[in-house]
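What follows is a short report on a single structure.
The values are calculated or read from the model by the stated rules, or taken from the named source; none is laboratory data. Note that the structure is a prediction, hence the values are computed from the model and not measured. Every residue, glycine among them, receives a Cβ derived from its backbone with ideal geometry; neighbour counts consider all protein chains shown.
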C-alpha cells in the first residue's frame with residue numbers, strides 16, 4: 001500500500017481524486033492516521049452537493065461520523081490505479097532482492113526518449129515516485 005507521505009506528496013502536486021467504490025483513504029487528521037477506510041456503496045459513498053463533495057458514512061457504528069468533506073480525506077491510490085495514471089510512459093515493474101523498480105519512458109521530441117527508474121521497497125511507492133515525477137513536469 002502507498003505510504004501516507006507519498007499520498008500527501010501526490011495530492012500536493014495536483015493529483016485529483018474522483019472517489020469510486022474500492023478506493024481507500026485516510027482522514028487528514030493526526031488522530032485518524034492509523035485508520036484506513038474504503039469507499040463502498042454499502043458503507044461509505046461519495047455524494048455531490050452544490051457546496052462540494054462529501055464522503056457519507058452510511059450506518060457505520062464504529063465512528064460517530066455522518067460525513068466528511070472530500071478535502072479532509074487523503075486518497076491512498078492502489079498499485080493498479082497508480083500504474084494506470086502513468087499511462088503510456090510506464091515500461092516495467094521489476095522486483096529485485098530488496099526493492100522494486102518502476103521504469104518509465106519520456107518522449108523528448110519525435111525520436112528521442114529518456115528512461116527514468118524509481119526504486120522503493122514497496123511497489124506502490126515506486127509507482128507513486130514515478131507519478132510524482134510526471135506531475136512535477138506538468139507544473
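Of note:
- Failed criterion for residue 26 (all others in (1) within 19 Å of residue 12 (Cβ to Cβ); (2) outside the structural domain of residue 9 (by TED's automatic domain parsing) hold): (2)
- Residue 102 touching a strand residue (DSSP E or B) at 6+ places or on another chain (Cβ under 8 Å), assigned to a strand (DSSP E or B), farther than 25 Å from residue 18 by Cβ and not assigned by TED's automatic domain parsing to the domain that holds residue 12: no
- Residues in the range 23-45 that are part of a loop (DSSP other than H, G, I, E, B), over 11 Å from the mean Cα position of the chain (by Cα) and touching a residue at least 40 places away in the same chain (Cβ under 8 Å): 28, 29, 36.
- Residue match in the range 58-71 (condition: under 19 Å from residue 13 (Cα atoms) and touching a residue at least 12 places away in the same chain (Cβ under 8 Å)): yes
- Out of 83, 87, 107, sole residue that is in contact with a strand residue (DSSP E or B) (Cβ under 7 Å, 6 or more places away or on another chain), without any contact (Cβ under 8 Å) to a residue 12 or more places away in the chain and not assigned by TED's automatic domain parsing to the domain that holds residue 39: 107
- Under the condition of being in contact with a strand residue (DSSP E or B) (Cβ under 9 Å, 6 or more places away or on another chain) and either closer than 17 Å to residue 77 by Cβ or modelled with pLDDT of 90 or more (or both), the residues counted in the range 19-47 number 16.
- Filtered residues of the range 8-22 (kept if surrounded by 12 or more Cβ atoms within 10 Å (Cβ to Cβ) and not in a loop (DSSP other than H, G, I, E, B)): 8, 9, 10, 11
- Test for residue 92: is it assigned to a loop (DSSP other than H, G, I, E, B) and in contact with a strand residue (DSSP E or B) (Cβ under 8 Å, 6 or more places away or on another chain): no
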